[in-house]
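Report on one structure; see the data block that follows.
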Amino acid sequence: MSTLGAALRLLPRLDRRTCDLGDLVDAARLLVAAGRPGLRLVLDEDDPRHPELVVEEEERSRRTDLGDLAGGIVGSQLDLGPAGLAAALDRWLDERPVTDAEAARRGIAVLGWAGPAGDELAWQVAVQRRTGLMAWTPHPFTAVLDVLSVQEAARARAADVVVRCTAEGPVLLLDADQPHLATAALSAPEQVLARAAALGLRLSDGSVVITPGRPVAWAGQAVARRLAGETVEPCAVLRWRELSDLPWS
């Protein structure tokens, strides 16, 4: 094989991104030393081959093998220098479990996939973090009445979410800066119907096409079914009066 041919075969290996575990551990040490208000951060280095980062907040905790996290960082578009690794750890912190107190304080009712197979539409209490929405799962020891209180507060809070309504022919589109938040408007469907009427759409007998994480489409039943058939993503088509009957996850 020619020298040029050998060099060309090496290019894919030279281009392969790697995240040095030692560099990530150094970044985790800096994070733990700096701390975060309200969080307890621990770097467990008992096993040097599998150092673990732990975050605790009230009744919730999360533990991650930094080796596994390094693999995820390689697959992202983040820089692998100190700033990029710090950003990756900040994102990891943002994805920590939602506490009962945080859910009660600022949870918003949205629709998302739930169930064992992840294919059942359900209401969720979610909080907005810097990197997106995080769903709340009630703690096993949380009282039923407290869970109901959090859910009702989240449903009421959903009415304050800014959701844009636009008419696209016979279809009403609901969208938000954070697309998943568009479903928050469905917690008060009568208000959406009033906004649709102001735009010249009569949708009282219509159906809703819901693809969590995407804009919501509200249209007549035939149009809604056609829209659902054209999408390549999992979606659900519901009569709007069925929205309030969906379970909570």
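Results, tabulated for the structure shown:
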item: Check on Ile73, crowded, with 17+ Cβ neighbours inside 10 Å and touching a Cys at 6+ places or on another chain (Cβ under 8 Å); result: yes
item: 2 or more residues among the aliphatic types (A, V, I, L, M) and modelled with pLDDT of 95 or more: qualifying helices (runs of 4 or more DSSP H) within the range 56-124; result: 82-94, 100-106
item: Enumeration of residues in the range 96-135 that are loosely packed, with under 15 Cβ neighbours inside 10 Å and more than 14 Å from Pro212 (Cα to Cα); result: Ala101, Arg105, Gly115, Pro116, Ala117, Arg130, Thr131
item: So Leu121, is it touching a helix residue (DSSP H, G or I) at 6+ places or on another chain (Cβ under 6 Å) and outside the structural domain of Glu59 (by TED's automatic domain parsing); result: no
item: Test: Thr131 is polar (S, T, N, Q) and within 21 Å of Glu59 (Cβ to Cβ); result: no
item: Those residues of the range 46-62 which are farther than 30 Å from Ala104 by Cβ, out of contact with any helix residue (DSSP H, G or I) (no Cβ under 6 Å at 6 or more places or on another chain) and either surrounded by 14 or more Cβ atoms within 10 Å (Cβ to Cβ) or in contact (Cβ under 8 Å) with a residue 24 or more places away in the chain (or both), in sequence order; result: none
item: Number of the condition not met by Arg225 [criteria: (1) within 17 Å of Gln124 (Cβ to Cβ); (2) modelled with pLDDT of 95 or more]; result: (1)
item: Filter result (of a type in the set (Lys, Arg) and over 25 Å from the mean Cα position of the chain (by Cα)) within the range 41-75; result: Arg49
item: Failed item in (1) farther than 29 Å from Ser76 by Cβ; (2) without any contact (Cβ under 8 Å) to a residue 60 or more places away in the chain; (3) within 18 Å of the chain's Cα centre (by Cα), with Trp123 passing the rest; result: (2)
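The values are calculated or read from the model by the stated rules, or taken from the named source; none is laboratory data. Just so it is clear, the model here is predicted, and its values are computed rather than measured. Counting neighbours? That spans all protein chains shown, and the Cβs are built from the backbone with ideal geometry, glycine included.
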